[in-house]
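Some notes on the structure that comes next.
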Amino acid sequence: MRALSVVVGALVVAAAVAGCSGSALTDDPAPGSITVGSGESAESRVLAEIYAGVLRGTGSPVQTRLGLGDEETLALLDSGEVTLVPEYTGSLLLQLNPSATVTDPDDVFDELNRSLPQGVSVSDYGLAEDPSVTGEVGDRAAENVVPLMRTGALTTTQIKALNVVAGELTSTDLADMGDEVRGGERSPGQVAGDWLAAR
């Protein structure tokens, strides 16, 4: 497994080198302040802290705004009060398009992209799934973790850093961290910090 901190560091160095070499990454603006929101669940809070930790590694000041209701998320993204939030592909798709019937992870992701309102976008969906539905069978839509963000608010380097998380975080990781937070053992920031430090 790749060391996440090394990968993020390499992305930052690559961006700096690109600034001198004229590659596509020269279009990256200077990193700005970022607010990472979360839903009310323990898993969503942990995910937000993981995203926040990775994005701090790219040089931006980052704050978190945890415990948002589902009805708040899109409005806060639209207003700019929140930059990105962790979501699940299937739930978000059905919120935006209740008539959607696709269930395959790739199909859900494609349909989600077509259903997103103007001004918001998603990065790559991750290996991790919503622990509350992992292992279920039937016709329920895939529930993979995905960052929902204001379009254009993050640099190329920051989006690549989020994609590294998508490839590293597993459903088991997320379930275990959520259990720790629900059990009152540690805060979302503490368990997220341990996960990042281990990688």
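Residue-by-condition table, conditions (1) without any contact (Cβ under 8 Å) to a residue 24 or more places away in the chain; (2) within 12 Å of the chain's Cα centre (by Cα); (3) farther than 21 Å from Ile50 by Cβ:
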| position | (1), (2), (3) |
| --- | --- |
| Ser79 | yes, no, yes |
| Leu84 | no, yes, no |
| Leu92 | no, no, no |
| Gln95 | no, no, yes |
| Gly126 | no, yes, no |
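Here is a yes/no grid of residues against (1) surrounded by fewer than 16 Cβ atoms within 10 Å (Cβ to Cβ); (2) modelled with pLDDT under 95:
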site: Ser121; (1), (2): no, no
site: Tyr125; (1), (2): no, no
site: Glu129; (1), (2): no, yes
site: Thr134; (1), (2): yes, yes
site: Arg140; (1), (2): yes, yes
site: Asn144; (1), (2): no, no
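Restricting the first member to segment 173-199 and to residues that are of a type in the set (D, E, K, R), and the second to residues that are not in a helix (DSSP H, G or I), the beta-carbon pairs closer than 8 Å and six or more apart or on different chains are Asp173/Ala128; Glu180/Arg186; Arg199/Met1; Arg199/Arg2; Arg199/Ala3.
Taking the criterion of being touching an Asp or Glu at 6+ places or on another chain (Cβ under 9 Å), within 24 Å of Glu40 (Cα to Cα) and open to solvent by 20 Å² or more (accessible area, probe 1.4 Å), the residues of segment 90-104 that qualify are Ser91, Gln95, Asn97. The residues of segment 146-169 that are open to solvent by 50 Å² or more (accessible area, probe 1.4 Å) and of a type in the set (Ser, Thr, Tyr), listed by number, are Thr151, Thr156. For the residues Glu72, Glu87, the requirement of being modelled with pLDDT under 95, under 27 Å from Ala142 (Cβ atoms) and surrounded by 14 or more Cβ atoms within 10 Å (Cβ to Cβ) singles out Glu72. Contact map, segment 52-66: residues that are hydroxyl-bearing (Ser, Thr, Tyr) paired with residues that are open to solvent by less than 60 Å² (accessible area, probe 1.4 Å) and assigned to a strand (DSSP E or B), Cβ distance under 8 Å, separation 6+ or inter-chain. Pairs shown: Ser60/Ile34; Thr64/Thr35; Thr64/Val36; Thr64/Gly37. Could you go through segment 158-174 and let me know if any residue there is polar (S, T, N, Q), over 20 Å from Gly193 (Cα atoms) and in contact with a helix residue (DSSP H, G or I) (Cβ under 7 Å, 6 or more places away or on another chain). Taking every residue of segment 158-174 in turn, none turns out to be polar (S, T, N, Q), over 20 Å from Gly193 (Cα atoms) and in contact with a helix residue (DSSP H, G or I) (Cβ under 7 Å, 6 or more places away or on another chain). Might you check whether a residue that is within 17 Å of the chain's Cα centre (by Cα), surrounded by 12 or more Cβ atoms within 10 Å (Cβ to Cβ) and at pLDDT below 90 occurs anywhere in segment 39-58? No, the conditions are met nowhere in segment 39-58.
The values are calculated or read from the model by the stated rules, or taken from the named source; none is laboratory data. Please read these numbers as outputs of a predicted model, since none were measured by experiment. All Cβ positions, glycine included, derive from the backbone under ideal geometry; neighbour counts span all protein chains shown. With ligands, DNA and RNA removed, areas are computed over all heavy atoms of the protein, side chains included. Shrake-Rupley method; radii C 1.70, N 1.55, O 1.52, S 1.80 Å.
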